[in-house]
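The values are calculated or read from the model by the stated rules, or taken from the named source; none is laboratory data. Computed from a predicted model, the values in this text were never measured in an experiment. As a convention, Cβ positions derive from the backbone with ideal geometry for all residues, glycine included, and neighbour counts pool all protein chains shown.
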Amino acid sequence: MNKKIKLVLSLFFIIAIFIGVLFVANSLADNSALIETIADLGYLGVVFTAIVAGLNTFVPLPAATFTPLFVASGLSIPFIILALSLGTLIADFIGFLLGNVSRNLVLDKYPKLFNFITNLQEKHQTLIIPAVVLYAALVPFPNEVLLLPLALAGIKFRSIIIPLIIGNIIHQTLIVYGISNLNDLLF
């Protein structure tokens, strides 16, 4: 099968899943018991949802997809964005730690890969901060795709935490308001 066709089918599949989850979230917004549970958990529940979604690399579904549920439970959109950003940052930190822990394993088992990542990091040091902000803000895949190689290359988390925070806030804002507008359009 042609690579372009595969890419289009993959994008269609991702969009279909996203819209399907949005429909499910909207239909669940009528479930008073679920809404009450979400209201009871409050923003802590939103943070936890973002952590789970942020660590889920198999089905990368953003926690912001559940915005209709969060709003229906009485949560405020600006605080939803902050809670989602915090949860995503925690998931990013866990993923970064996994990269640090696996550094010696990669060095021993895949020295060429390790050398490639380290050389890339050394040659393009000035691009790391903008790359982290832009990736976290605009790329719809888990941040671990970028963070694991950075951890393997020896980058310190403290040097990328501010770019991650900025990128995560932008990303969550775009998704939450995008979902809210799409929700208004569809329902």
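Listed values, structure above:
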read-out: Residues that are aliphatic (A, V, I, L, M) and either at pLDDT 85 or above or surrounded by fewer than 17 Cβ atoms within 10 Å (Cβ to Cβ) (or both), drawn from the stretch 155-181; value: Ile155, Ile160, Ile161, Ile162, Leu164, Ile165, Ile166, Ile169, Ile170, Leu174, Ile175, Val176
read-out: Flag if Val101 is of a type in the set (Val, Ile, Thr), surrounded by fewer than 12 Cβ atoms within 10 Å (Cβ to Cβ) and under 30 Å from Val46 (Cα atoms); value: yes
read-out: Unique residue being under 21 Å from Ile165 (Cβ atoms), crowded, with 20+ Cβ neighbours inside 10 Å and in contact (Cβ under 8 Å) with a residue 12 or more places away in the chain when the list is Pro62, Pro68; value: Pro62
read-out: Number of the exception - His124 against (1) within 22 Å of Ile162 (Cβ to Cβ); (2) under 20 Å from the mean Cα position of the chain (by Cα); value: (2)
read-out: Residue that is surrounded by the fewest Cβ atoms within 10 Å (Cβ to Cβ) [pool: residues in the stretch 115-154 that are among the aliphatic types (A, V, I, L, M) and in a loop (DSSP other than H, G, I, E, B)]; value: Val139
read-out: Residue identified as at pLDDT 85 or above, in contact with a Phe, Trp or Tyr (Cβ under 9 Å, 6 or more places away or on another chain) and surrounded by fewer than 16 Cβ atoms within 10 Å (Cβ to Cβ) among Ile77, Ile81; value: Ile77
read-out: Hey, Ile94 surrounded by fewer than 17 Cβ atoms within 10 Å (Cβ to Cβ) and under 16 Å from Glu144 (Cβ atoms) or not; value: yes
read-out: Pairs, first closer than 16 Å to Ala53 by Cα and at pLDDT below 85 in the stretch 15-40, second β-branched (Val, Ile, Thr) and surrounded by fewer than 16 Cβ atoms within 10 Å (Cβ to Cβ), C-beta under 9 Å, six or more apart; value: Ile17/Val59
read-out: Which numbered condition Ile129 misses (of (1) at pLDDT 90 or above; (2) closer than 27 Å to Ile17 by Cα); value: (2)
read-out: Leading residue by the ranking (nearest to Leu107 (Cα to Cα)) among those in the stretch 161-187 that are of a type in the set (Val, Ile, Thr) and in contact (Cβ under 8 Å) with a residue 40 or more places away in the chain; value: Ile161
